[in-house]
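Encoded as structure tokens, the structure appears first; notes follow it.
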Amino acid sequence: MNVGSLLVNAVGKFPAATAIVDGPTRLSFAELDQRTRRLASAMLGAGLHPGDPVAMLFYNSAHMVEAYYATVRAGLVAVPINFRLAGREMAFMLADSGAKALFYDPEFDPMIAGFRDDLEDLRFLVSPRPGPSGLAQDYEEFLATGQAAEDRGGVSEDHPCQLMYTSGTTGRPKGAVITHRNVIWNLFNTIHGREDRAGQISIIVGPLYHTAALNNHLTIQLALGGASVLVKSFNAEGLLATIQQERATVISGSPAMYNLLMQHPAAGSYDTTSITKCTTGADKLAMETKRRLMEFFPNIEGVYDVYGCTEASPCIAILAARDSLRKDGSIGPPLPFLQARVVDEMGRVLGPDQVGELVCKGPNVMSGYHNNPEGTAEAIRDGWLHTGDLARMDTEGYLYIVDRKKDMIVSGGENIYPRELEEVLYTHPAIADAAVVGMPDEVWGESVCAFVALRPGSSLGAEEVVALCKANLASYKKPKRVEFLPEIPRNPSGKVLKVELRRQWLDKSEK
């Protein structure tokens, strides 16, 4: 079995059922099957060979789904690109992956034109309604060159399926190689943990460049004959209207998304009774928010709290809805088709309620990082994936995330690494030293705070610091707050005392 066969199986059972809803566009399983067959044939006909990386830069859309499934059906490797990144960040991922083709939304055309000449491996580009640069072929014309042929044989479970980029603590993104086997076993785990059933109507708000949206939300529906209602960008009232119009039964999102949804002035004007399953991930969901969600969606039993990471394809543990109120703060027990442990720094298994690093092992764990043996060796030791998260396990086997071993900030469901921002801050001639930390935020979970020490005689405003970050990184990574200090506190070995910085910020906020 491979990921493409999931669609083949579904079309044999549910040919006329709706598979994809993208605004006015609706594709049945039979239509999606035919279009992805033709697109896969066109890709191979254009000179791509099995194993070649194919990048896709789309908002959530039917085009994104088609490009992805055509890629994996052709035995190629999908490289979803985060559309929120700055141009230089996108260019790095395209170059590092060695992408041979790029399928993209036309609004990214000016950005792509700025770095196209630097990408020697990129053979051709395809876009719906190609932009003025003239770089891309027309999507529908390209698709028309393919034949609705049977899937190419020989795509095994061990064949690479996805190259999913995730930021590292060094600030350079790492490409996790996710195989067909990884995706399929993650599917088994997630269906079991979320208790999914055939024929659901799922709202997909999370971007499909994330493993959660791609491998959980979308793949589950395609495998079980459900409908995926794609949301291009989050708008609270627009999402409420979509739930009511489509009679959606499943919704997934970050705590920040749910807070914004429930806080909208018109929230009470829409019918949300069709929702029977609500899942969350990316960050801890407060108990009060869970209670409010159970009132907001009156036909849910509770909230499924999903925990994972890109390198695990992504799911590791899920707290079932029925345990929402009973297990405050838990992410649930480890999923059935993997092993998970809490270990100390020597790798020894810890007892109940002892805090250590959460590690896991199973057929869902990536094969490694692309062209990065050192990173792979650090992440996977003796077959165990080290998540970098500190956790404890109670006497019933339920896991609780205590803190992050690394300094990653999760803001609105997006991962932000301080080192990446710090490197940008150091490029400014007025900045002598800098440190970035995450601070509690009622809406976004965490927000970015930059602490800056200026060079003697220099002057710089907070607005200029924010503008510098925004010019070089994705907008969501920019600091929400900038604090100027005479110096950045460090220990004798030179390590920034981020605990001290957080304490200073919290003390100042409380005054």
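Any read-out appearing in this document is the output of simple, stated calculations on the displayed coordinates, not a laboratory observation. Note that the structure is a prediction, hence the values are computed from the model and not measured. Positions of Cβ are generated from backbone atoms using ideal geometry, with glycine treated the same way; all protein chains shown enter the neighbour counts.
At-a-glance table
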{"quantity": "Expected 222 nm ellipticity per residue - DSSP helices of 4 or more, -39500 (n - 2.57), all of the chain, to 500", "calculated": "-9000 deg cm²/dmol"}
{"quantity": "Rounded if a/c under 1.5, otherwise prolate or oblate - region 409-510, Cα gyration tensor axes", "calculated": "oblate"}
{"quantity": "Sites Arg381 and Ser156 - FRET efficiency at Förster radius 22 Å, r taken between beta-carbons, to 0.05", "calculated": "0.25"}
{"quantity": "Normalised contact order of the chain, rounded percent, pairs of Cα under 8 Å and 6 or more residues apart", "calculated": "11 percent"}
{"quantity": "Leu350 versus Glu464: modelled label distance in nm, points set 7 Å from Cα along the beta carbon direction", "calculated": "4.5 nm"}
{"quantity": "Share antiparallel - DSSP beta bridges, the chain, percent rounded to 5", "calculated": "60 percent"}
{"quantity": "Spatial separation of Cα centroids for region 1-45 and region 251-296, in angstrom", "calculated": "31 Å"}
{"quantity": "Separation of the Phe92 and Glu141 label points, Cα + 7 Å toward Cβ, nm", "calculated": "3.5 nm"}
{"quantity": "Stretch gain in nm, segment Arg247-Arg26, where the contour uses 0.36 nm per residue and the Cα spacing is subtracted", "calculated": "78.1 nm"}
{"quantity": "Efficiency of FRET from Cβ geometry, Arg322 and His264, R₀ 30 Å, rounded to 0.05", "calculated": "0.60"}
{"quantity": "Three-way shape call for region 210-251 based on the alpha-carbon gyration tensor, with the a/c threshold at 1.5", "calculated": "oblate"}
{"quantity": "Whole-Hz couplings from phi, Karplus 6.51/-1.76/1.60, listed for region 349-354; x for Gly and Pro", "calculated": "5, 8, x, x, 6, 8"}
{"quantity": "Along principal axes, Cα extents of region 91-199, largest first, whole Å", "calculated": "47, 44, 29"}
{"quantity": "Taking region 75-215 and dividing mean pair separation by its residue count, relative contact order in percent (alpha carbons under 8 Å, at least six apart)", "calculated": "21 percent"}
{"quantity": "Estimated FRET transfer efficiency when R0 is 41 angstrom, pair Val8-Tyr476 (beta carbons, to 0.05)", "calculated": "0.65"}
{"quantity": "Over region 406-511, relative contact order from alpha-carbon pairs under 8 Å, at least 6 apart, %", "calculated": "24 percent"}
{"quantity": "Calculated P(r) of the chain - Cα pairs past 31 Å, %", "calculated": "46 percent"}
